[in-house]
Structures are given as C-alpha cells and as structure tokens.
Amino acid sequence: MKFSRTWALVLGLVGALGATLPTTDAVAQGNPQYAEVKGKARQAFSEGRFEDAALLFREAFDIEPRSSLLYNIGISYEKAGNVQSAIVFYERYVQAAPESPKNPAVKRKVLELKQQIGDKYVEVSVETMPADAVVFVDDKSKGAMGTSPLTFKLLPGSYTVIAEKQGYEPARQQIRLDPGRGANVALRLVSTDRVGALTLFISESGAQVSVNGSPVGQAPLPEPLRLPAGNHEIGVMKPGFGPFKQIVTVKAGQDERLTVDLSGESGGGDIAGGGGGGGGGGGGGSDAGEVVTGLGVAAIGGGVVTGLSAQNLHDQLTEKRANRQPIAPQDIDTGSNLVLMTNALLIGGGALVAGGITWWLFDSGPLASSGSTSLGIVPTADGGSMVQLGGTF
C-alpha cells in the first residue's frame, strides 16, 4: 500500500509538471538547430528563467514558425511579468491556430490580462507586394511577427515595420500609433536584380543623410545604401556647414561611390563607379599653420635648453678664472657655439611662431581661396635667421 501511494505521488508530480511546462509540438526531427534551441527554451522555463525562455522560444520560432511556439512565448512572458508581450503572443496564437482546443482558455486568459492593464492595444494590418514576406517590428532580434498579410496589436507609440523576402530587398516603413486608432501598412518589395548600391564617403561625422528627402541616418553610414535603379537625390547637412545636394544615378547590380566634402565654403561631391571620388582640400592650410607654430614652440624650447647649458659652462669658466686655473681653448669654443645655437633657436623659434600664426590668419581669412602663400626660414648675414613669407594675394 505504501508503494502504491509513493507511485501515485510521483505520477501526480509528473502530471503537475506537464501542466506547468509550455506545450510541445513533437520536436522537429529533421532540424537539429530547431530541436537544440527549443530544448534550451524548455530548460530555461523549467528553471524559472522565464524571460530567457521567451527569447529562446522566439529564436526557435524564427527557425521554424510553428503556432505552438506562440503559445509558449506567451506563457513565458506572462510568468516573467511582461503582461503586454504575453497578450500579443497569446492573440497571435489564437489567430495562427483557430482550430486549437486551447483557444477558449487562451481567449479567457487574454481578457483577464487585458483587465489588468486596460485594453490599450491598437491593431496593425500589414500587406506586402509580393505576399508571404516575413514581418518584423523595430528589430529582427525581437523575432518575427509572422508572414504577410497579417494583423497584430501594439501599444500606442512609434514603430518601424520591416518586411523581408528571399530574392527581394528589405522594405520598411515608420508608423505612429495613436490611442484608439490602428494603422494599415503596405510595403512594396523590389527585386534584388533591380537594385544597386551607393557607398557614401562623407567628410564630417554626424552629418544627416537623406535620400529623396527621407532621412536614412548619420555619417558614417554603417553600410552602403541599397537603392532601386534610377535617379536619387542625395542630401547631406550638418550645422555650421553648407548643405549638400546631388542627383545620383544608381544602376542595377552596380556599386556607385560618392564623396561628399562639407569642409569647403559650399560643399562638393565627386561620384565614381567602382572608385571613390576626390574631395576638396579645405582646411589644409590652417593645419599647416598649426604645424609651423608647433615647430616654433619646439625650437624655443631647444633654445632654452642650450641657453641653460651655455650659462652653466660660463659659470664654470668664471670660477676657474677666479681660482687662476687653466682654461682649455675647446671650452671657450664650446661656449661660443652654445651661445650662437641658443640665439639661432630662440630667434628662429619666435619667427616660426609668428609666421605660423600669420599663415593661419591668411588661410582662415577672405584671402584663403584667392591666393597662395609660402613660409620659409632663411639665414641672415650676421649668422642668425629670419622668417620669409611669400606668395600671391
């Protein structure tokens, strides 16, 4: 009798565990990846890691979109306390498996959960041309919503609806959902063989990039733009720089490259097929002026060092003279050379600093684009040096 009671207890625990675990659908025998991911999801669920379980079930759904997984995702989110996501996936399960015997219970569960938060969801309908495209919202890592045409619900807010189909370029559309108002999304996918690539090389990081008036991101763009064959207006703008606009012809199956230089007065661009165009050279002169100024500062620093060495040698020779000690001729020559070197470095360094600042002023002023300048150090008759500034203005 005791043995029978023990087995009854074991069977009862097994039955309770089976009722708690999410539904299974005869784990795929022909897809080891699906079986592995789903096994990890069920293990996470049994260990109480419900948020992880939901993400793993969604990953399994991306591998093989089975309706039973939608229920598993819903119950995982419910137990994780994510009521909003639980409602979404429960409703997707009811829609995907209308003949399921679980539907009445799932519908009651949805009503209970909605009473907890209030029915704030609005309906989104998505159609694509062609049909049977996989639909995502905002981020593919969140899992697919299903295949088009389909309807699902989201909370009010801003979203990006993405549609993908093999042999076609992905299509996306931004939507804004207001309380109590749904949205209809129609996406047209373009065949891959009718699309070309455009790589943008933009001189200023953070510049806003647009195609045909629609924003596509900030420079530098993470990847080439995929555009339908034809003419497209490329716009680039950044505060403090002149706006750039240029019509670019994209050819199907080809890669185009466009170099956009915003550093000039009005910006400029060069386009090439298969090679980057040359950009303007604005700003190079001011960089050269900074380099010259830096060299001048370094020369002055060297002059200070040699000056200290000359002063130290002078003090030593003065002490020897006071003590009537012999002074070697090479010490006198060394001192003279140090003095000459100090004077040359200090004078030349000061001249370089002044010349560098002058160069920068010329390059940054109105004369920068109407002439050319050159800067050089020339020796003087007395053994010193001077800065010579020349050019045309």
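Each reported figure results from applying straightforward, stated rules to the coordinates on display, with no laboratory input. Please read these numbers as outputs of a predicted model, since none were measured by experiment. Cβ coordinates were reconstructed from backbone atoms using ideal geometry, including for glycine residues, and neighbour counts include every protein chain displayed.
Just the number, please: percent antiparallel of the DSSP beta bridges in the stretch 193-273, rounded to the nearest 5.
80 percent
Which of the aspartates and glutamates could be linked to residue 114 by a straight reach, that is with a Cα gap under 15 Å, when you skip same-chain ones fewer than 8 residues away?
78, 91, 123
At what distance in nm do the modelled label points of residue 188 and residue 334 sit from each other, each positioned 7 Å from its Cα along Cα→Cβ?
Simple spin-label model gives 8.7 nm for this pair.
Under a point spin-label approximation (7 Å from Cα along Cα-to-Cβ), what is the residue 229-residue 115 distance to one decimal in nm?
So the two model labels end up 6.1 nm from each other.
For each of 247, 73, 234, count neighbouring Cβ atoms within 10 Å of the residue's Cβ, then give the residues from fewest to most.
247, 234, 73
Starting from 0 in steps of 5 Å, tell me what percent of the Cα-Cα pairs of the stretch 120-189 lands in each bin.
4, 19, 31, 26, 14, 5, 1, 0
Report the antiparallel proportion of the DSSP beta bridges in the stretch 117-197 as a percent, rounded to a multiple of 5.
For the stretch 117-197, the DSSP antiparallel bridge percentage is about 75.
Could you sort the peptides 65-72, 175-182, 92-99 by per-residue average Cβ neighbour count (10 Å cutoff), highest mean leading?
Most protected by this proxy first, the peptides run 65-72, 92-99, 175-182.
Got a sec? How would 160, 342 order by Cβ neighbour count within 10 Å, fewest to most?
Least to most surrounded, the residues fall as 160, 342.
If I take R0 = 25 Å and measure r between the Cβ atoms of residue 35 and residue 138 in this structure, what FRET efficiency does the formula 1/(1 + (r/R0)^6) give, to the nearest 0.05?
Approximately 0.30, to the nearest 0.05.
How do 108, 49, 257 line up, fewest other C-beta atoms within 10 Å first?
Placing the least packed residue first, the sequence is 108, 49, 257.
How far is it, in nm, from the label point at residue 218 to the one at residue 125 when both lie 7 Å from their Cα along the line to the Cβ?
3.8 nm
Which entries of 40/79; 38/142; 38/153; 140/238; 102/140; 40/142 have Cα-Cα distances beyond 22 Å here?
Over 22 Å apart, Cα to Cα: 38/153; 140/238; 102/140.
Relative to a virtual label point 7 Å from the Cα of residue 263 in the Cα→beta-carbon direction, which members of the stretch 211-245 show backbone nitrogen distances below 20 Å?
So the set is 219-221, 236-245.
Based on the Cβ-Cβ distance from residue 251 to residue 99, what FRET efficiency comes out when R0 is 51 Å, to the nearest 0.05?
Efficiency, from the Cβ-Cβ distance: 0.50.
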